[in-house]
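Some notes on the structure that comes next.
The values are calculated or read from the model by the stated rules, or taken from the named source; none is laboratory data. Computed from a predicted model, the values in this text were never measured in an experiment. Positions of Cβ are backbone-derived with ideal geometry, glycine not excepted, and every protein chain shown enters the neighbour counts. Surface areas here come from the heavy atoms of the whole protein model, side chains and all, with no ligands, DNA or RNA. Shrake-Rupley method; radii C 1.70, N 1.55, O 1.52, S 1.80 Å.
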Amino acid sequence: MDGERIMKSSTLSEGLTTGASPFIEQAKRAGQLYIDQPYELYSEENHQAWRKLYARMLPRWDRYANEHFLQGIHSLCLDPDRIPHLEDVNRFLSPLTGFQAQAVSGYVPSFVFFDCLRNRRFPTTITIRRSDKLDYLPEPDIFHDVAGHVPMHTDKHFAETLVRFGECAHTAAEMAAGIRGPDTRVHYLTSVIKAMARFFWFTIEFGLMRGRDDLKVYGSGLLSSYGEIAHAIEAPEVQRYPIQLDWAINQGFEIDHYQPLLFIVDSFDHLFSLVDQLEAWMKAGKLSNVAPGEPEVNEEDLKSFLHAELD
Ligand SMILES: [Fe+2]
């Protein structure tokens with residue numbers, strides 16, 4: 001066996017497990033953000049993790065998910081037993097809204113992430129959590145991204161809202177480019193990125209929507225969490241309030257426990273109008289000094305805005 005074949009067989013046996021994938025480590029070392037989905041590398045254990053996650057979420061989606069998500073799951077024809085091929089997902093998704101799931105090797109700096117949304121591409125993780133650790137995962141995996149996010153992208157109004165988020169990021173980068181002093185520019189961007197990240201968190205990741213008779217979940221962090229989707233709707237101690245943009249952009253959040261505070265929108269048209277308002281506030285300078293606190297804005301996020309290619 002030559003070296004290349006030995007490497008391939010050892011890579012094959014290790015699968016595409018989150019935090020333990022030689023293929024992903026190699027892509028990161030080579031500086032490749034956008035990658036192919038090497039489907040043959042998934043192990044049986046990887047598929048088993050998908051199967052278990054999907055099977056236990058199904059009844060919870062029926063009970064707690066909003067109707068647009070349920071329709072999306074139906075439209076994408078996801079296989080309950082096998083990790084999906086992104087190509088197949090895109091074949092169903094693209095004709096509906098123009099969105100595509102695009103495989104990435106890991107963290108996507110915030111401007112790049114929002115700019116992908118503007119171009120109707122969704123950066124998608126291809127690894128999956130271990131099948132014996134289904135609950136706790138600090139980073140996204142393909143179950144969160146494809147079963148939690150992508151079904152929402154089949155909805156026209158929701159898809160337009162994501163594109164609008166991307167346009168907001170462009171406006172922020174343009175405004176930053178017009179600021180002379182480098183320190184002032186960094187201060188401005190830190191605040192604006194924080195505001196956008198908070199708003200994204202409280203809507204796209206953890207949003208609730210008013211249903212006909214009760215509250216439903218549309219946030220993907222909730223839609224991909226067996227425990228939290230029920231907690232978000234049922235737990236008496238969770239604070240659930242009609243969304244206020246001024247509150248959401250000044251409200252910190254922590255990612256390592258169930259969310260104690262959730263915001264409710266009336267519809268995706270409502271959500272879209274809030275993203276419009278976010279941009280109007282940005283242009284008026286209202287996002288330049290939001291409350292300090294979580295999330296931290298890292299160097300990579302700042303650089304992605306500072307060096308943004310604007311067209
Ligand atoms: Fe997410």
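At a glance:
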{"item": "Criterion (part of a helix (DSSP H, G or I), open to solvent by 30 Å² or more (accessible area, probe 1.4 Å) and touching a Phe, Trp or Tyr at 6+ places or on another chain (Cβ under 6 Å)) met by exactly one of Arg56, Arg51", "result": "Arg56"}
{"item": "Residue within the stretch 181-192 that is among the aliphatic types (A, V, I, L, M) and surrounded by fewer than 16 Cβ atoms within 10 Å (Cβ to Cβ) present", "result": "no"}
{"item": "Meets criteria (among the hydroxyl-bearing types (Ser, Thr, Tyr), modelled with pLDDT of 95 or more and under 18 Å from the mean Cα position of the chain (by Cα)) for Tyr64", "result": "no"}
{"item": "Residues located in the stretch 214-238, provided they are within 13 Å of the ligand (Cβ to nearest atom) and out of contact with any helix residue (DSSP H, G or I) (no Cβ under 6 Å at 6 or more places or on another chain)", "result": "Tyr218, Ser225"}
{"item": "Test: residue in the stretch 170-189 that is under 17 Å from Phe122 (Cα atoms) and either touching a helix residue (DSSP H, G or I) at 6+ places or on another chain (Cβ under 7 Å) or among the aromatic types (Phe, Trp, Tyr) (or both)", "result": "yes"}
{"item": "Members of the stretch 114-144 found to be over 18 Å from His85 (Cα atoms) and touching a residue at least 60 places away in the same chain (Cβ under 8 Å), listed by number", "result": "Phe114, Asp115, Arg130, Ser131, Leu134, Asp135, Leu137, Pro138, Glu139"}
{"item": "Cross-chain or 6+ apart pairs with Cβ under 8 Å, the stretch 197-221 first and under 22 Å from Pro109 (Cβ atoms) and of a type in the set (A, V, I, L, M), then away from the ligand (no atom under 12 Å from the Cβ) and part of a loop (DSSP other than H, G, I, E, B)", "result": "Ala197/Pro295; Ala197/Val297"}
{"item": "Residue count for the stretch 186-213, restricted to those that are among the small types (Gly, Ala, Ser), away from the ligand (no atom under 16 Å from the Cβ) and in a loop (DSSP other than H, G, I, E, B)", "result": "1"}
